[in-house]
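The values are calculated or read from the model by the stated rules, or taken from the named source; none is laboratory data. All figures in this text were calculated on a predicted structure; none of them were measured in a lab. As a convention, Cβ positions derive from the backbone with ideal geometry for all residues, glycine included, and neighbour counts pool all protein chains shown. Note: areas computed on protein heavy atoms with side chains; ligands, DNA, RNA excluded. Shrake-Rupley method; radii C 1.70, N 1.55, O 1.52, S 1.80 Å.
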Amino acid sequence: MLDPNEFYDEYPPERLEDELPERPISSLRGIQHLYGRLYTLATAGGGDYAAYLTPDQANDLIGAEESLIVVRVDLSGDRPALDADEPVKITQYADDLIQKVAHCKYNAARGIDHSVTHRSGRNSDPEKLARYACERLTKWATDDVVQDVADEHPDGEVIRGLATVGEEESNLDRIRSAVKAELGGSTTALLTVQVRREASVDYEWPGDVPVFNEAMRARKLSKLVSKGQATNSAGQATDLISGERTRTVGTAEDPLNYFLGKQMEKFPGLDPDEAWRSHPISEDGAVTLMNAEEFVDACSYRTFNADVYYLPYFLGRPTPAEAYNLYAALHSVTQADDMGPVQTLYDELGDHEANSEGRLRFYVAAVMKHQMSRFDVYGETLNGRIHYPTEVGERHEQITGSWVFDENDDRNRNRTPPMPSHEEWSLTTYQDFREMIGSGAYLYRTFPFTDEDTDATVDDERIDVHVSILAGDPVPRTQLVSAYVERLLDRDGDDVPELLIASQFAQLCALENADLVTTDAGDTESTLIDGPDYDTMEPEHARTDGGTAALDRTEKLESFIEQTDGLDDPERKGAFLLGTLVGQVGTYQQGYHDRSTTVIDQYPIKSMTKTKVKRITQEVIDKDVVYSREMAKKGSNINSTMYKEVTNAIVETMAGNDPSGWEISTDDLRFYYALGLTYGMNDRSTNKDDATTDDETTDESPDTNE
Amino acid sequence: MTEHAPAGSELPDGAETCLSFTVSGPWGHFRRIEGNIVKQTYRVIPRTTVAGLIAAMLGIERDGYYDLFAPGESLVAIEPTSELRTMKLPMNTLSTADEHMASLNPRGKLSIKLPDPSKPRQQHNYEVLVDPAYRIDVWLDNDERYDQLRSLLESGESYYVPSLGLSEYLATVDYHGEFPIEQGPDGDTVAIDSTVPEAVDSIVPDPETRYQIEQTPAFMERDDGGRTTSAFVSYAYNPDGGSLTFTDVATYSVDDRTVVFT
């Protein structure tokens, strides 16, 4: 395959212009056709037969010992015969022979290749290779389709000559013994023929004798109309790629295999022989589509148990400049072994996103292949753009780089930030998220796992949301929150997955800020989806005078609630505050009382429901009051309630809005409760700040030692 | 290129008014032709489907209406009026291959073929449109059919049940009235409400507005063995249900909306 520079030299803009489609790219087939055309240009070159040849199928044999076995037939005498001196030549396949052998591979278990040139199986023994050599004359030359071409073509004599030689057993014996005698052992080889048509000229290769190419072409085309139950699916119709009226074929292979094969249907009357009516493609178009396979496969990767195809293209009629960029990107994806296609494509095409005015797009499809004939497409779009994952990535970095996550942010001074972060939890740290979003890893970390063994046609939400993000389609907020909560509840054990919750929260904020979250109009949920803006801090909260620790905590809580727009909703705020109090009291219980069972274990996320909110709130506040008295008895200089800022806020929030009347969904309630737990548990300043005493628990809790 | 419909060209003689109505429903599925194994849907109702839908309202049989909707004989403008959202719907299906179809009342005058309901189902994901709605403006050269369609729309009647792609996705038809077709607004750039055929390279990009494109069958014709699509058209549309801005596109004005006919 030509590298991008060679490609440019071989096809300068004026020449490439002629090879590019006239119609704008607006369908999957259009993209595949363009890929197939670029691939053909880069491998077999131009010319009438280029699209039919498969030169890349023998690339590995170039320069290998004993990699080309040639049966030489002399047609210049009275009767066709094997060459008297050298009936079989065994040599090295080389670059300059690619065009000459004109190989066209056919993938079939026991079949022969479409061209007279045939590729042997890997490491075939001399016995087998001898048989393949004979089959050039006995099988290929006598093939029905090839014979039909011979009958029509002015040079048909050449093919009939091969067949005649193959009829005589003594000739075949000579071929067999020559192959065995000359070969050193097992090898992988191309097997082909050479013919001498006149005594005065040299032997010619099949690529130089048009009738061979014509027969190869006919064999390849014959497979476009018969496959499975279809025997002759062809007719006059409008080619869906070029728009021209022409002979169209119905059973063309498609690198994505969306069309071939029949499975149970809603539509009656789909007849395999009539397939060309519903999916009409010209013969040349069909062959070009098949040539897209290498690029299409290179642009695919596996995620969420599905094959995801990520095919870049420029919307509209591609210009030569765009075609060079596209070719360079596709070429590097085929060459990149150590990098995923998404990263490679982003690296190659990232710069063009900015100046293509949205023309650079990706066809994205997640295909689940259950069996040969059972495919499901789980998510698909023609409108993926680098812009969207880039945007989400930048928003995510803004969130995790802000004071809410970043311990080192000046605003946090010596207290902990609202949310925990850990380098092993990449969604809580500050880094480049774009590729993670493009590949799907972004959702893998926050969404529920689906069990692939259960009903396989159930929607995998990760794919759904993944494709939505790539295409810039907003996702309903309820879908995100319910997926997050499902993942939280999926876990074994009752400990609170703080870093997972923090990851989910950061993701939700990033998606909201990237305008990729929507709410249903009829939803009873709050429609507040404006993402937070953690970059600015309200001036009145930006204290510089130190102040007391308790006030610091109040200020942190107020700032967090105020800047998290989702918490403007009083019910979510109530759930969050309850979680915060449980988190803080639980952490206190653990630190001061060495309790193995704390309120955090007592009120796990999965037990939280609307009907329980009121009772649990009262119980936890009661506990808080008891511990506060205990502390006071022990001589603490604090003579009010611990975590006063939280209890006050709870009272304030719930007083005017009794939890018994809440309309919040259980998922939303649990998500914000979990967020509160995470906030409360991450507040490690608790002990030190509230209990600056010399009580006897100091030994177990070094934090209290001041 | 000749097989493709001209974009915003001259109106045929006699095309002075059009009938305007909205089709909508909770679900829709317009099977994409690339898929047989997979069941994906177009986002915008194809012109051929609009023709079939109107033919169903008029009570015309299958394969009996392609001339009525041929180029030059008809004008159709399609405007998505809802956000074009899809979801996957797993559906249980039976084989519809010929050999698996059983005939009911095979010797009678009326005979019908059905899949064998005793066979096990296979479940497949169908991509379906959720709450799709399209405003359709249509003119037919055939006066008799045009008048018949108008009176059916006025009275809210239909011969066959209108549906959106699959018979189980019933459609609601809301008639807006008959409107004159007038020249669209002049100017270098123009905001167009309907989908715009073959104009992807004329879109004026706006970072705030999403635009997408899809190629769908536009015209069909009959031959001895059945029907084929005689022309495909690529439509540009706004997936969020608003207008798009173009340069150099001839437009028409219908009921104060700017549309392009195909």
Check: Among the residues of the range B:26-42, is any more than 12 Å from every other protein chain (Cβ to nearest Cβ), open to solvent by 10 Å² or more (accessible area, probe 1.4 Å), in a loop (DSSP other than H, G, I, E, B) and within 21 Å of B:HIS124 (Cβ to Cβ)?
Finding: yes
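One residue is enough: does the range B:62-73 have a residue meeting the conditions more than 30 Å from A:ASP460 (Cβ to Cβ), buried (at least 18 other Cβ atoms within 10 Å of the Cβ) and of a type in the set (A, V, I, L, M, F, W, C)?
Yes, that holds for at least one residue.
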Next item on the list: Kindly state which helices (runs of 4 or more DSSP H) lie completely within the range A:1-53 and contain at least 3 residues that are within 14 Å of chain B (Cβ to nearest Cβ) and within 29 Å of B:GLN212 (Cβ to Cβ).
Entry: A:28-43
Margin query: Any residue that is assigned by the TED database to the domain that holds A:ASN107, closer than 22 Å to A:ASP113 by Cβ and outside any helix (DSSP H, G or I) - is there at least one of those in the range A:159-170?
Written below: no
Margin query: Looking at the range A:358-377 only, could you name the residues that are open to solvent by 10 Å² or more (accessible area, probe 1.4 Å), at pLDDT 75 or above and assigned to a loop (DSSP other than H, G, I, E, B)?
Written below: A:ARG359
Notebook entry, point to check: Considering only strands (runs of 3 or more DSSP E) fully contained in the range A:185-286, which possess at least 1 residues that are within 12 Å of chain B (Cβ to nearest Cβ) and either over 25 Å from A:GLU19 (Cβ atoms) or modelled with pLDDT under 80 (or both)?
Noted result: A:234-238
Check: Out of (1) in contact (Cβ under 8 Å) with a residue 12 or more places away in the chain; (2) under 17 Å from A:LEU567 (Cβ atoms), what's the single condition that is false for A:MET631?
Finding: (2)
Check: If only one of B:SER163, B:SER230, B:SER234 is within 9 Å of another protein chain (Cβ to nearest Cβ), of a type in the set (Ser, Thr, Tyr) and touching a Phe, Trp or Tyr at 6+ places or on another chain (Cβ under 6 Å), which one is it?
Finding: B:SER230
Check: Say we look at the range A:49-71 and pick out the residues that are over 34 Å from the mean Cα position of the chain (by Cα) and open to solvent by 30 Å² or more (accessible area, probe 1.4 Å); which of these is nearest to A:ARG176 (Cα to Cα)?
Finding: A:GLU66
Next item on the list: Only one of these is surrounded by fewer than 18 Cβ atoms within 10 Å (Cβ to Cβ) and within 48 Å of the chain's Cα centre (by Cα): A:SER607, A:SER640. Name it.
Entry: A:SER607
Notebook entry, point to check: Do we have B:THR48 as within 14 Å of chain A (Cβ to nearest Cβ) and closer than 17 Å to B:PRO162 by Cβ here?
Noted result: yes
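Yes/no matrix, rows are residues, columns are (1) over 17 Å from the mean Cα position of the chain (by Cα); (2) on the phi > 0 side of the Ramachandran plot; (3) modelled with pLDDT of 90 or more:
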| residue | (1), (2), (3) |
| --- | --- |
| B:TYR175 | no, no, yes |
| B:GLU182 | yes, no, yes |
| B:VAL196 | no, no, yes |
| B:VAL200 | yes, no, no |
| B:ASP206 | yes, no, no |
| B:TYR211 | yes, no, yes |
| B:ALA218 | no, no, yes |
| B:GLU221 | no, no, yes |
| B:SER234 | no, no, yes |
Notebook entry, point to check: In the list B:ILE54, B:ILE60, which residue meets the criterion of being touching a Phe, Trp or Tyr at 6+ places or on another chain (Cβ under 9 Å), more than 13 Å from chain A (Cβ to nearest Cβ) and in a helix (DSSP H, G or I)?
Noted result: B:ILE54
Notebook entry, point to check: Just checking, which of A:ASP453, A:ASP459 is away from chain B (no Cβ under 14 Å) and modelled with pLDDT under 85?
Noted result: A:ASP453
Margin query: Out of A:GLU348, A:GLU293, I need the residue that is more than 19 Å from A:ARG385 (Cα to Cα) and acidic (Asp, Glu). Which one?
Written below: A:GLU293
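Step by step: first the residues of the range A:646-684, then only those that are of a type in the set (D, E, K, R) and modelled with pLDDT under 85, then the one that is most open to solvent (accessible area, probe 1.4 Å). Which residue is that?
Looking at residues that are of a type in the set (D, E, K, R) and modelled with pLDDT under 85, I get A:ARG684.
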Notebook entry, point to check: Quick one: in the range A:72-84, which of the residues that are in a loop (DSSP other than H, G, I, E, B) and touching a residue at least 40 places away in the same chain (Cβ under 8 Å) is least open to solvent (accessible area, probe 1.4 Å)?
Noted result: A:ASP83
Check: Hey, among A:THR400, A:THR390, which residue is in contact with a helix residue (DSSP H, G or I) (Cβ under 7 Å, 6 or more places away or on another chain), of a type in the set (Val, Ile, Thr) and either within 14 Å of chain B (Cβ to nearest Cβ) or at positive phi (or both)?
Finding: A:THR390
Next item on the list: For the range A:9-68, name all the residues that are among the charged types (D, E, K, R), touching an Asp or Glu at 6+ places or on another chain (Cβ under 9 Å) and in the same structural domain as A:GLU293 (by the TED database).
Entry: A:ARG23, A:ARG29, A:ARG37
Note to self: Of the conditions (1) open to solvent by less than 40 Å² (accessible area, probe 1.4 Å); (2) more than 30 Å from A:GLY472 (Cβ to Cβ); (3) at pLDDT 90 or above, B:ALA97 satisfies every one except a single condition; which number is it?
What the structure shows: (3)
Check: Out of (1) modelled with pLDDT of 90 or more; (2) at positive phi, the odd one out for A:ILE159 is which?
Finding: (2)
Next item on the list: Taking B:TYR65 as meeting all but one of (1) in a strand (DSSP E or B); (2) touching a helix residue (DSSP H, G or I) at 6+ places or on another chain (Cβ under 9 Å); (3) away from every other protein chain (no Cβ under 14 Å), write down the number of the exception.
Entry: (1)
Checklist line | Enumeration of residues in the range B:205-219 that are more than 9 Å from chain A (Cβ to nearest Cβ), among the hydrophobic types (A, V, I, L, M, F, W, C) and farther than 25 Å from B:ILE181 by Cα | finding: none
Next item on the list: Keeping to the range B:100-123, report how many residues are open to solvent by 60 Å² or more (accessible area, probe 1.4 Å), within 12 Å of another protein chain (Cβ to nearest Cβ) and not in a loop (DSSP other than H, G, I, E, B).
Entry: 4
Checklist line | Residue selected from the range A:379-423 under the condition assigned to a loop (DSSP other than H, G, I, E, B) and of a type in the set (Lys, Arg), by the criterion most open to solvent (accessible area, probe 1.4 Å) | finding: A:ARG413
Note to self: With among the β-branched types (Val, Ile, Thr) and either in a helix (DSSP H, G or I) or more than 20 Å from A:VAL465 (Cβ to Cβ) (or both) as the only criterion, which of A:VAL308, A:VAL342 stands out?
What the structure shows: A:VAL342
Next item on the list: List every residue pair whose Cβ atoms sit under 7 Å apart, with the two residues 6 or more apart in sequence or on different chains, where the first one lies in the range A:311-337 and is within 14 Å of chain B (Cβ to nearest Cβ) and the second, anywhere, is part of a loop (DSSP other than H, G, I, E, B) and of a type in the set (A, V, I, L, M, F, W, C).
Entry: A:LEU311/A:CYS299; A:PRO318/A:LEU20
Next item on the list: Identify the residue in the range B:124-145 that is surrounded by fewer than 20 Cβ atoms within 10 Å (Cβ to Cβ) and away from chain A (no Cβ under 14 Å) and, among all such residues, is nearest to B:THR172 (Cα to Cα).
Entry: B:ARG145
